[in-house]
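The values are calculated or read from the model by the stated rules, or taken from the named source; none is laboratory data. All of these numbers come straight from a predicted model, not from anything done at the bench. Using ideal geometry, Cβ is built from the backbone for each residue, glycine included, and neighbour counts are taken over all protein chains shown. Just so you know, the surface numbers come from the protein's heavy atoms only, side chains and all, with ligands and any DNA or RNA stripped out. Shrake-Rupley method; radii C 1.70, N 1.55, O 1.52, S 1.80 Å.
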Amino acid sequence: MIITAKPPPNFDRIKEVLNPPPNAVFTYGEHLHCPDERVIISDDLIIHETIHSMQQGKDPEAWWQLYLIDPEFRKSQEMDAYKNQYNFYCSQVADRNKRALFAKRLADHFSQHYDCIHFKEAFAGIRGVIK
(Lines give C-alpha, C1' and ligand atoms only; values in the text may rest on other atoms or scores of the structure.)
Protein backbone atom coordinates (compact mmCIF):
# COMPACT_ATOMS: atom_id res chain seq x y z
CA MET A 1 0.00 0.00 0.00
CA ILE A 2 1.31 3.41 -0.99
CA ILE A 3 0.66 6.10 1.62
CA THR A 4 0.15 9.66 0.40
CA ALA A 5 -0.74 12.92 2.14
CA LYS A 6 -2.97 13.98 -0.75
CA PRO A 7 -6.74 13.52 -0.69
CA PRO A 8 -8.17 10.84 -2.99
CA PRO A 9 -9.27 11.83 -6.51
CA ASN A 10 -12.96 11.67 -5.53
CA PHE A 11 -12.57 13.62 -2.30
CA ASP A 12 -15.15 16.29 -3.16
CA ARG A 13 -17.81 13.61 -3.74
CA ILE A 14 -16.83 11.80 -0.51
CA LYS A 15 -17.24 15.06 1.43
CA GLU A 16 -20.67 15.66 -0.13
CA VAL A 17 -21.99 12.25 0.91
CA LEU A 18 -20.17 11.30 4.10
CA ASN A 19 -18.91 14.53 5.67
CA PRO A 20 -15.77 12.77 6.95
CA PRO A 21 -13.91 13.93 10.05
CA PRO A 22 -10.63 15.80 9.49
CA ASN A 23 -8.56 12.77 10.53
CA ALA A 24 -10.21 10.35 8.07
CA VAL A 25 -8.13 8.22 5.74
CA PHE A 26 -9.27 6.82 2.39
CA THR A 27 -8.16 3.99 0.16
CA TYR A 28 -8.35 4.42 -3.57
CA GLY A 29 -6.88 1.42 -5.34
CA GLU A 30 -3.43 0.74 -3.92
CA HIS A 31 -3.13 4.21 -2.38
CA LEU A 32 -3.91 5.08 1.21
CA HIS A 33 -4.76 8.76 1.27
CA CYS A 34 -4.09 10.47 4.58
CA PRO A 35 -4.74 14.20 4.09
CA ASP A 36 -4.05 14.94 7.78
CA GLU A 37 -0.36 14.15 8.25
CA ARG A 38 -0.83 14.05 12.04
CA VAL A 39 -2.78 10.79 11.75
CA ILE A 40 -0.82 7.75 12.88
CA ILE A 41 -1.16 4.88 10.45
CA SER A 42 -1.17 1.87 12.77
CA ASP A 43 -0.71 -1.72 11.61
CA ASP A 44 -4.36 -2.53 12.31
CA LEU A 45 -5.46 0.48 10.25
CA ILE A 46 -3.28 -0.76 7.38
CA ILE A 47 -5.17 -4.07 7.59
CA HIS A 48 -8.52 -2.24 7.46
CA GLU A 49 -7.50 -0.18 4.46
CA THR A 50 -5.89 -3.16 2.69
CA ILE A 51 -9.27 -4.89 2.86
CA HIS A 52 -10.80 -1.90 1.07
CA SER A 53 -8.06 -2.03 -1.55
CA MET A 54 -8.85 -5.71 -2.16
CA GLN A 55 -12.60 -4.98 -2.30
CA GLN A 56 -11.99 -2.32 -4.93
CA GLY A 57 -10.01 -4.68 -7.14
CA LYS A 58 -9.10 -3.16 -10.48
CA ASP A 59 -11.95 -0.63 -10.50
CA PRO A 60 -11.81 1.64 -7.44
CA GLU A 61 -13.96 4.25 -9.18
CA ALA A 62 -16.88 1.82 -9.58
CA TRP A 63 -16.47 0.62 -5.99
CA TRP A 64 -16.50 4.17 -4.67
CA GLN A 65 -19.58 5.06 -6.73
CA LEU A 66 -21.51 2.15 -5.21
CA TYR A 67 -20.05 2.79 -1.74
CA LEU A 68 -21.28 6.38 -1.78
CA ILE A 69 -24.82 5.68 -3.00
CA ASP A 70 -25.69 2.37 -1.32
CA PRO A 71 -25.72 2.32 2.51
CA GLU A 72 -26.10 -1.49 2.63
CA PHE A 73 -23.08 -1.96 0.38
CA ARG A 74 -21.12 0.54 2.49
CA LYS A 75 -22.13 -1.33 5.64
CA SER A 76 -21.00 -4.70 4.26
CA GLN A 77 -17.69 -3.31 3.05
CA GLU A 78 -16.94 -1.58 6.35
CA MET A 79 -18.00 -4.57 8.42
CA ASP A 80 -15.55 -6.77 6.53
CA ALA A 81 -12.75 -4.22 7.02
CA TYR A 82 -13.51 -3.66 10.72
CA LYS A 83 -13.71 -7.42 11.42
CA ASN A 84 -10.31 -7.96 9.82
CA GLN A 85 -8.89 -5.00 11.72
CA TYR A 86 -10.22 -6.41 14.99
CA ASN A 87 -8.98 -9.93 14.24
CA PHE A 88 -5.52 -8.58 13.49
CA TYR A 89 -5.51 -6.67 16.77
CA CYS A 90 -6.58 -9.82 18.63
CA SER A 91 -3.70 -11.72 17.04
CA GLN A 92 -1.35 -9.18 18.61
CA VAL A 93 -3.03 -8.61 21.99
CA ALA A 94 -4.02 -11.42 24.36
CA ASP A 95 -5.72 -9.30 27.06
CA ARG A 96 -9.48 -9.75 26.63
CA ASN A 97 -10.25 -6.41 28.29
CA LYS A 98 -8.05 -4.59 25.80
CA ARG A 99 -9.69 -6.53 22.99
CA ALA A 100 -13.14 -5.52 24.21
CA LEU A 101 -12.12 -1.86 24.48
CA PHE A 102 -10.67 -1.97 20.98
CA ALA A 103 -13.87 -3.52 19.61
CA LYS A 104 -15.86 -0.78 21.36
CA ARG A 105 -13.65 1.91 19.84
CA LEU A 106 -14.08 0.42 16.36
CA ALA A 107 -17.85 0.09 16.81
CA ASP A 108 -18.05 3.69 18.04
CA HIS A 109 -16.20 4.87 14.96
CA PHE A 110 -18.25 2.69 12.60
CA SER A 111 -21.61 3.78 14.04
CA GLN A 112 -20.74 7.47 14.42
CA HIS A 113 -19.20 8.06 11.00
CA TYR A 114 -21.52 6.06 8.79
CA ASP A 115 -25.27 6.34 8.39
CA CYS A 116 -25.81 2.62 7.97
CA ILE A 117 -25.35 0.94 11.37
CA HIS A 118 -26.06 1.31 15.08
CA PHE A 119 -23.46 0.74 17.78
CA LYS A 120 -24.85 -2.59 19.07
CA GLU A 121 -24.93 -4.13 15.61
CA ALA A 122 -21.45 -2.81 14.81
CA PHE A 123 -20.01 -4.11 18.10
CA ALA A 124 -21.54 -7.56 17.71
CA GLY A 125 -20.57 -7.82 14.05
CA ILE A 126 -16.97 -6.72 14.59
CA ARG A 127 -16.54 -9.32 17.30
CA GLY A 128 -18.12 -11.98 15.10
CA VAL A 129 -21.20 -12.50 17.28
CA ILE A 130 -23.47 -11.97 14.26
CA LYS A 131 -22.82 -12.18 10.55
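Values as computed for the structure displayed
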read-out	value
Dimensionless Rg over Rh [the chain; C-alpha; Kirkwood]	0.95
Volume in Å³ per residue [convex hull over Cα atoms, computed for the range 14-81]	83
Backbone HN-Hα couplings from phi across the range 3-9 [Karplus 6.51/-1.76/1.60, Hz, Gly and Pro as x]	8, 9, 7, 7, x, x, x
For the chain: accessible area per residue (Å², 1.4 Å)	59
Accessible heavy-atom area order of Met54, Met1, highest first, probe of 1.4 Å	Met54, Met1
Accessible-area composition of the chain, carbon plus sulfur, in percent [1.4 Å probe]	52
In the range 1-70, trypsin sites (Lys or Arg not before Pro) in a DSSP loop with at most 14 other beta-carbon atoms within 10 Å	Arg38, Lys58
Low-density loop cleavage sites - GluC sites (Glu not before Pro) in the range 1-94, where at most 12 other Cβ are within 10 Å (DSSP)	Glu30, Glu37
Separation in nanometres of the label points that stand 7 Å from Cα toward Cβ, at Glu30 and Lys98	3.3
Theoretical gain in end-to-end length, Ile69 to Val39 [0.36 nm per residue, Cα-Cα removed]	8.1 nm
Degrees between helix 43-56 axis and first principal axis of the chain (Cα, 0 to 90, nearest 10)	50
Computed [θ] at 222 nm, deg cm²/dmol, the chain (DSSP H ≥ 4; -39,500 (n - 2.57); rounded to nearest 500)	-19500 deg cm²/dmol
